[in-house]
1. Once fully extended, how much extra length lies between Asn26 and Asp311, figured as 0.36 nm per residue of separation less the alpha-carbon to alpha-carbon distance?
2. With the cut-off at 1.5 for a/c, could you classify segment 130-234 from its C-alpha gyration tensor as rounded, prolate or oblate?
3. Taking the mean number of other Cβ atoms within 10 Å as a proxy for protection, how do you rank 335-342, 224-231 from highest to lowest?
4. Could you work out the relative contact order of the chain, using alpha carbon pairs under 8 angstrom and six or more residues apart, expressed as a whole percent?
5. Sum up the charges of everything whose Cβ sits under 15 Å from the Cβ of Ala235, counting Lys and Arg as +1 and Asp and Glu as -1, but leave Ala235 out.
6. Treat the count of other C-beta atoms within 10 Å as a stand-in for reagent exposure and order Leu182, Leu198, Leu123, Leu166 from fewest to most.
7. Could you tally the net charge around Ile126, taking each other residue with its Cβ under 15 Å from the Cβ of Ile126, Lys/Arg +1 and Asp/Glu -1?
8. Starting from the Cα of Arg332, move 7 Å in the Cα-to-Cβ direction to define the label point; list residues of segment 284-304 whose amide nitrogen is under 11 Å from there.
Amino acid sequence: MSERFFASDNSAPVHPEVMSALARANAGHAISYGEDRWTTEATALLQRLLGGEPEVHFVYNGTGANVLGMQSGLCGYHGIICTDVSHINTDECGAPERFTGAKLLALPSVDGRLEPDQVLGQLHAIGVEHHSQPRIVSLTQSTELGTVYQPEVVAEISRICRRNDLLLHMDGARIANAAVSLGCDLAGTTRELGVDILSFGGTKNGLMFGEAVVFFRPELAAGFRYIRKQGMHLASKMRFIAAQFTALFGDDLWWRLASKANAMAQRLGEELSRIPCAEVVYPVEANAVFARLPREVVDAVRREVFFYVWDEPSSVVRLMCSFDTEDEDIERLAALIRRSLE
Ligand SMILES: Cc1ncc(COP(=O)(O)O)c(C=O)c1O
């Protein structure tokens with residue numbers, strides 16, 4: 001089994017600069033629960049990157065960021081409009097429904113994306129007591145299928161939200177990959193497009209663990225401290241989440257790491273498109289490549305280099321690149337695929 005594989009961007013190690021920041025923070029005592037200088041610094045750095053003085057709160061993981069962030073804007077009779085492939089719908093074990101009480105209104109995605117018309121199509125339920133009341137639209141950027149929403153689409157969905165008293169949540173577990181793909185800064189990828197609540201990802205971009213919940217409208221954050229504590233995401237040794245983010249934001253590390261992962265996915269997509277039995281099934285716009293491969297190829301190659309089968313019946317696999325994916329990993333994977341066809 002190869003040391004590096006394509007299972008997930010959270011299979012990658014912690015970036016050395018993040019490790020060094022952790023080691024530096026690991027000296028002496030610090031006041032717990034976020035009253036430390038690392039949390040103050042990381043918060044200020046993220047606020048500067050996003051602009052508009054948003055409220056920033058750190059949590060342990062992405063599911064926590066999504067669930068707790070959205071919980072701040074929801075009650076039990078609400079609905080969350082999302083795609084059928086969204087992480088909140090498929091990979092959070094029902095946590096959004098359990099903890100917010102709201103119903104997920106999961107719509108068929110177009111290459112992982114929700115379209116403005118699909119949101120409009122849900123508005124008939126507003127004011128009808130028999131239906132969960134749509135309250136949040138949740139977009140994942142970049143999407144679970146490795147595609148990216150264009151800024152004008154996010155802005156259009158945001159306008160629909162504003163007109164209909166809905167909130168726009170963005171699952172930004174891979175927001176850095178999306179920003180790089182769009183060539184936009186983080187403000188231009190989120191706040192300037194009208195995002196209200198952002199789950200800001202760190203783990204897939206080189207941290208050991210840690211995400212941030214960002215509120216662009218302060219009134220939405222009013223009860224968040226209590227929601228986070230009740231939701232078991234208030235870290236007592238907060239400095240160790242925050243110190244990682246200070247490394248990520250210093251010297252544009254977040255951009256460099258996401259650029260590398262995206263570039264490797266491009267390279268992998270090109271390599272696969274030169275192999276006759278492989279078909280890349282979604283546009284490669286961030287750090288994921290989805291490809292249809294013959295079943296026997298999948299079985300043979302996975303014995304050497306691990307990755308996940310995304311859809312068993314159609315034999316579509318997901319190949320994730322991370323900041324540490326190298327040319328030689330891609331060459332090796334391509335060689336294994338070719339060899340398994342001989
Ligand atoms: C789109 C998306 N959102 C959120 C998450 C966060 O998940 P976790 O709770 O495992 O950190 C992931 C991780 O796979 C993801 O792919």
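1. 98.3 nm
2. oblate
3. 224-231, 335-342
4. For the chain, the relative contact order is 25 percent.
5. +2
6. Working: Leu182 19, Leu198 29, Leu123 14, Leu166 26.
Ascending Cβ contact count within 10 Å gives the list Leu123, Leu182, Leu166, Leu198.
7. Within the 15 Å Cβ shell, the charges total +2.
8. Under cut-off, by backbone N: 304.
No value in this document is a laboratory result; all are computed from the given coordinates. Fair warning: this is a prediction, and the values are worked out from it, not measured in the lab. As a convention, Cβ positions derive from the backbone with ideal geometry for all residues, glycine included, and neighbour counts pool all protein chains shown.
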